[in-house]
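S.K.: Handing you a structure now.
The values are calculated or read from the model by the stated rules, or taken from the named source; none is laboratory data. Here the structure is a predicted model, which is why all the values come from computation and not from measurement. Positions of Cβ are backbone-derived with ideal geometry, glycine not excepted, and every protein chain shown enters the neighbour counts. When the accessible area is computed, the model is the full protein with side chains, heavy atoms only, and any ligands, DNA or RNA have been set aside. Shrake-Rupley method; radii C 1.70, N 1.55, O 1.52, S 1.80 Å.
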Amino acid sequence: MDKIDLSRRAFIRTAVAAGGGMVLGFNIPATRDAAAATVQPELWKPPAGGVEVNAWLTIDADGVVTIRVPHTEMGQGGMTSVAQLVAEELDVPWEKVRAVLADANRHVTRGNEYKDMSTGGSNLVRNRHPHIMQAGASARERLREAAARKWGVDRAQVTAKQGVLTAGANRGTYGEFATAAAQIALPQEPKIKAYGDWWLLGKDVPRMDVAPKVNGSAIYPIDVRVPGMVYAAVRACPVPGGRLKSFDFAAVKARPGVIAAIELKQSKANLGNSDMRSAIAVVADSFYRAKVALDLMPIEWDLGPGAQNSYAAMDAQARDLMDKEAKHAEEVRGDPRPLLASPGGKVVTGSYARPYETHAPMSPPAAVANVTAERVDVWSFTQNVAATLLLAADQAGRSPKDVFVHGTFQGGAFGQGNAVDITRQAVELSKQLGKPVKVIWTREEDTAQARSRPPIWARFQAVLGADGLPTAMLSRAVGETFNPAYADRGIANMPYNVPHFRYERHVVPTNIPVGPNRAPGNNANGFTIEQYVDELALAGGWDPLEWRIKMTEGNERWQRVLLKLKEVSGFTTKLPRGQGMGIAVVESHGSTVGVCATVEVTRRGQLSVEKILVVTNSGYVINPRAANEQVYGCVAWELSHTLQGGLDLREGRFRNTNFDGYKLTRMADMPPVESVYAMSQDGWWGGFGETAGPPTPPAIANAIFFATGKRIRSTPILQHNLSWA
Amino acid sequence: MNLTLSVNGTSHQVDVEPETPLLWVLRDTIGLTGTKYGCGIAQCGACMVHIDGQAVKSCNVNAAAAVGKRITTIEGLSPDSSHPVQKAWLEHTVPQCGYCQSGQIMSAAALLQRAPNPTDRQIDDAMSENLCRCGTYLQIREAIHAAAKLGRS
């Protein structure tokens, strides 16, 4: 890929502007002092000196373009992506581009002016680029029209390039024409540029949000300080579904700094994603004092029936169910059962399981709310400031027009920011106390209360034809009650051309609410079907890579990935014992991603993942460098849950709620990752933020099989004995 | 109880219980929020600071034990992001969400202090004290090697 001429030494800098609005871009002097963390609530306003050409951008007299980003920056590079998409159309030098977070209140009160502020599902670039690019294109055409009118020429004669408008001998800057452009109505909005006409998209652009993240000045919800603020530590029932019975505030009331204990009542019997659970909060003048008092305060819970639940019980029930036909069934390509039952057929069976996992964003969730007579101000853990605004309005009992949700960076979110009740907790506490309140969940509280990634069980059966390829296949998956459909992803819609294919799904009951977690469904299911495919291929005498190529004939996006894997991976099943390569391919969030893992396993069973190669087909890529960073991150994410991870559910609660028991990948465990692209460029766009994860676990497990002869049917893998003789 | 702490070359009088973890004194009492809370049990390294030049997890040190010591936080590592580790972090665009990066940078700076030209093995050992959920480990490794070069030049 080409590199645009951006001096990487011209470090991006940042300023924390008055009011806490962070402006990111090139060459803005860095400021860094403790006061920066104290933000004064104030109405959003455009940066001084800038003219608003449309809701998405302002241009100042010096030609600096400030782009408003409706989406959350949680480490995925969304601020840079939006700025890049707008700048492509506007045609403005990258050094002149700034990014700020857009105002949720404006969006909500002006009829969803930014269309959609949600951030998730790897949607930002793949599904939102048309309207984001349109904002830039529409501004550019207004600038051209303004210049055309002034110069008395036709708009078609005016060129807009790199911040400069020209027509013959006439020349002017975007800054000079911004005010006039803002007044212009066009009879018809311009079309956005097609692939091939890009000058900035497709090029490596350094992320804009790096500078404040190397000197401690980046502000996350946990860092926000408002004058007069008090701190709350909260605890919901440790067994999800249970309720608070009683608490003895008198026992801790006299402790230093302690202000109050407040019960947070569960809002309804069946909780939605962001509804408030039964919980107790202790409020003090510092978080540590609140936390210690909460730890010491006697609390009684009505644990409810969830206290009988355990992973062992769910696992036993799921394995039992997989022997039985399920009501939820879909015959995708005709009924395979007669063929599976016919005598003499070679039937191959494989079953697999994944446990509960959690997001564990490095920042435990935090929220600040200030409910006053006039207005409500919120800084919170979220992936959608507009949705959070409506939640806060609902909890405060106020009109959305009086609610202001302020953008901050997020210290990781991974889907959890779409399904969390901490905003309601903070608003409720502030409303009751009449003061600004900061709520922080401890790591233990986060693991206990996050909407977890669900477990899955899956069993596959297929019968082989004379050529060793399957003629009929039955998939039977088991999901859980809160979101059973996660169990379907990648299994019900598997791409392999088996002539007869039926999918069934069972459900086991649980008390643990679940929610989205980086590539939900696919993140667990890839491990099941992509190992089974290897078993099936080997049973029929096929090379696993050749089997996949054969079984996806006619599927251009898969073929492109598989053929690229064949070209670059050096995949072979012929390595000496103790070494193995494994491949797997998963399609999720619109992208098809193949992984080749190389492992070594000592005779005594010590596993070392030597290399991960990732081949992505997302159709297009706008910023290869930032996309690679997401690939590396996705691999690390799934490496955590493949090798270690695994939440231990007993008596209705997780027992390993901190990093001493919930082990995640660290530097020493991280293999080299190579990211390669195999883009179809066929008009279809896939996502990048979560798609390299799902094929990683099965590729590693398949590699372990070739190294040891052992088929690993559940995670965490490091709990299995991998020794071989 | 009144304690005197020396942070980034400035003396701070703080009124806290002596057993309060240094992390919360830095964040809530002194207002230096660059040092982060991640686990509270010395597992994740988000709260890494330097005490008398050594990398220490500030959630695991009580305020009283830090009296009389020289405490450096990310805010005090350099006045203008010019420490070789910060420069390398910028150059290699290491952070994603960024939340763990103050701790990562403090660990890396302490590593380079004692091993100016670290091997991958030394990097693995030192940096495995710090968790990163975004998975920036590969960029961290590259950036530490780059910072070592910057430090030598």
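S.K.: Among the residues of the range A:584-625, which ones are within 24 Å of A:TRP198 (Cα to Cα) and either within 14 Å of chain B (Cβ to nearest Cβ) or among the aliphatic types (A, V, I, L, M) (or both)?
M.R.: A:VAL615, A:VAL621, A:ILE622, A:ASN623, A:PRO624, A:ARG625
S.K.: Could you tell me whether any residue of the range A:394-413 is farther than 25 Å from A:ALA487 by Cβ and in the same structural domain as A:ILE712 (by TED's automatic domain parsing)? Before the answer, list the steps.
M.R.: Narrowing the range A:394-413 to residues farther than 25 Å from A:ALA487 by Cβ: A:394-412.
Retained after the next criterion (residues that are in the same structural domain as A:ILE712 (by TED's automatic domain parsing)): none.
Among the residues of the range A:394-413, not one is farther than 25 Å from A:ALA487 by Cβ and in the same structural domain as A:ILE712 (by TED's automatic domain parsing), which makes the answer no.
S.K.: When you check B:GLY135 against the structure, is it in contact (Cβ under 8 Å) with a residue 60 or more places away in the chain, within 11 Å of another protein chain (Cβ to nearest Cβ) and crowded, with 23+ Cβ neighbours inside 10 Å, yes or no?
M.R.: On the way: in contact (Cβ under 8 Å) with a residue 60 or more places away in the chain: no; within 11 Å of another protein chain (Cβ to nearest Cβ): yes; crowded, with 23+ Cβ neighbours inside 10 Å: yes.
Answer is no for this residue.
S.K.: Please pick out the residue among A:PHE460, A:PHE501 that is surrounded by fewer than 24 Cβ atoms within 10 Å (Cβ to Cβ) and either more than 22 Å from A:PRO694 (Cβ to Cβ) or at pLDDT 95 or above (or both).
M.R.: On the way: A:PHE460 fails: surrounded by fewer than 24 Cβ atoms within 10 Å (Cβ to Cβ).
Exactly one residue qualifies, and that residue is A:PHE501.
S.K.: Just the residues that are buried (at least 20 other Cβ atoms within 10 Å of the Cβ) and touching a Lys or Arg at 6+ places or on another chain (Cβ under 6 Å), please, taken from the range A:181-236.
M.R.: A:ALA181, A:ALA211, A:ASN215, A:SER217, A:VAL230, A:TYR231, A:ALA233, A:ALA236
S.K.: Which of the strands (runs of 3 or more DSSP E) found entirely inside the range A:328-387 contain at least 1 residues meeting this: more than 35 Å from the chain's Cα centre (by Cα)?
M.R.: Numbers: elements: A:328-331, A:346-354, A:366-371, A:376-380.
Ranges flagged: A:346-354.
S.K.: Sticking with this one: Is it the case that A:ARG110 is of a type outside the set (S, T, N, Q) and over 30 Å from A:VAL376 (Cα atoms)? Give the steps one after another, and end with the answer.
M.R.: On the way: of a type outside the set (S, T, N, Q): yes; over 30 Å from A:VAL376 (Cα atoms): no.
Answer is no for this residue.
S.K.: Which ones in the range A:633-658 are within 12 Å of another protein chain (Cβ to nearest Cβ) and not in a loop (DSSP other than H, G, I, E, B)?
M.R.: Once the filter is applied, which keeps residues that are within 12 Å of another protein chain (Cβ to nearest Cβ) and not in a loop (DSSP other than H, G, I, E, B), the range A:633-658 yields A:GLY633, A:CYS634, A:VAL635, A:ALA636, A:TRP637, A:GLU638, A:LEU639, A:SER640, A:HIS641.
S.K.: Now for a separate question. I'm told B:THR73 meets every condition in (1) in the same structural domain as B:GLY9 (by TED's automatic domain parsing); (2) under 19 Å from B:SER128 (Cα atoms) except one. Can you identify the failing condition by its number?
M.R.: Here B:THR73 clears every test but (2).
S.K.: Return yes or no: is A:LYS346 more than 30 Å from A:GLY521 (Cβ to Cβ), in contact with a Ser or Thr (Cβ under 8 Å, 6 or more places away or on another chain) and open to solvent by 50 Å² or more (accessible area, probe 1.4 Å)?
M.R.: no
S.K.: State which residue is nearest to the other protein chains (Cβ to nearest Cβ) when the search covers only the range A:659-699 and only residues that are farther than 24 Å from A:THR598 by Cα and free of Cβ contacts under 8 Å to residues at least 40 places away in the same chain.
M.R.: A:ASP660
S.K.: Right, something else. Could you look through the range B:72-116, keep only residues that are of a type in the set (Val, Ile, Thr) and more than 14 Å from the chain's Cα centre (by Cα), and pick out the one that is nearest to the other protein chains (Cβ to nearest Cβ)? Spell out how you get there, then give the answer.
M.R.: Of all residues in the range B:72-116, those of a type in the set (Val, Ile, Thr) come to B:72-74, B:85, B:93-94, B:105.
Within this subset, residues satisfying the condition of being more than 14 Å from the chain's Cα centre (by Cα) are B:93-94.
Working: B:THR93: 5, B:VAL94: 7 Å.
Going through the qualifying residues, I end up with B:THR93.
S.K.: Starting from the range A:95-121, keep only residues that are surrounded by fewer than 20 Cβ atoms within 10 Å (Cβ to Cβ) and modelled with pLDDT under 95, then list their pairs with residues that are among the charged types (D, E, K, R) and in a loop (DSSP other than H, G, I, E, B) whose Cβ atoms are within a distance under 7 Å, requiring at least 6 positions of separation or different chains.
M.R.: Correct list of pairs: A:ARG106/A:GLU113.
S.K.: Given the options A:VAL478, A:VAL533, name the one that is crowded, with 19+ Cβ neighbours inside 10 Å and not in a strand (DSSP E or B). Break it down stepwise before answering.
M.R.: Details: A:VAL478 fails: not in a strand (DSSP E or B).
The match here is A:VAL533.
S.K.: Then there is this: Can you report the number of residues in the range A:663-703 which are farther than 22 Å from A:LEU722 by Cβ, small (Gly, Ala, Ser) and more than 22 Å from the chain's Cα centre (by Cα)?
M.R.: Going through the range A:663-703 one residue at a time, the tally reaches 3.
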